[in-house]
Amino acid sequence: MIAFKMEVSIFILGLSMQKFVEVLGKPVHVNLTGRGVKALNQLSEPVSIEMELLFSCMLRKRLLFNPGIKENASQIHENLYLFFHAVMTEHCNLSDYESLSDIPVTDFPTDKLRQMVPRWVRIDYKSGKWKGSFGYV
């Protein structure tokens, strides 16, 4: 099946979905795999995808899949939302934490947040879990 809808920039090729959504006023190309589309169509509750960019003594980027609709999230689909979150750590002593995902973070103070929004995000659903990545090139 091939569908094209100009006003919302949705392309459905086979079972995958590609769409442009605005995040903080900047277009982000969303690529949802066929498995992701299938899982999306089975969602009973909304999921918000957080594109997290961590600033510390290192740089980390990751996607977090959160239940519910987060404030200022852009709608990708009926039950799927996307937002960007720049965060930072209070200190660089990472050895205090068992896992990098355990590091406490706070909002990154900047007035240039729009410039940090990625150009693309790829979303998949594999082995019963949402997965994905985002990038700038």
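Figures for the structure shown
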| read-out | value |
| --- | --- |
| Modelled FRET efficiency - R0 30 Å, residue 71 with residue 112, Cβ distances, 0.05 increments | 0.90 |
| Residue list for segment 104-137, given a label point 7 angstrom along the Cα-to-Cβ vector of residue 88 and an amide N cut-off under 17 Å | 104-117 |
| Distance between segment 113-137 and segment 51-107 - C-alpha centres, whole angstrom | 12 |
| Extension gain (nm, one decimal) between residue 26 and residue 129, 0.36 nm per residue minus Cα-Cα | 34.3 nm |
| Packing rank of 20-29, 109-118, where each peptide gets the mean count of other beta carbons within 10 Å, highest leading | 20-29, 109-118 |
| Neighbourhood charge, 15 Å Cβ-Cβ cut-off, centred on residue 46 and excluding it, Lys, Arg +1 and Asp, Glu -1 | -3 |
| Selected from 39, 16, 49, residue furthest toward positive end of dipole (the chain; charges at beta carbon) | 16 |
| Computed label-point distance, nm, for sites residue 18 and residue 98 using a 7 Å Cα→Cβ extension | 4.2 |
| Most to least packed among 126-137, 39-50 [average Cβ atoms within 10 Å] | 39-50, 126-137 |
| Candidate lysines - alpha carbon under 17 Å from residue 38, same-chain residues fewer than 8 apart omitted | 19, 126, 129, 131 |
| Order by protection proxy (mean Cβ within 10 Å, highest first), peptides 88-98, 69-79 | 69-79, 88-98 |
| For segment 67-79, 3J(HN,Hα) per residue [Karplus equation, 6.51 cos²θ - 1.76 cosθ + 1.60, θ = phi - 60°, Hz, x = Gly/Pro] | x, x, 9, 8, 4, 6, 7, 8, 7, 8, 8, 3, 10 |
| The chain - Kirkwood radius from inverse mean 1/r over Cα pairs (Å) | 16.0 |
| Whole-Hz couplings from phi, Karplus 6.51/-1.76/1.60, listed for segment 128-137; x for Gly and Pro | x, 9, 6, 9, x, 8, 9, x, 10, 10 |
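All of the numbers you see were taken from the coordinates with simple rules; none came from a lab. Nothing here was measured: the structure is a model prediction, and the numbers come from that model. Here Cβ is always computed from backbone atoms with ideal geometry, including for glycine, and neighbour counts include all displayed protein chains.
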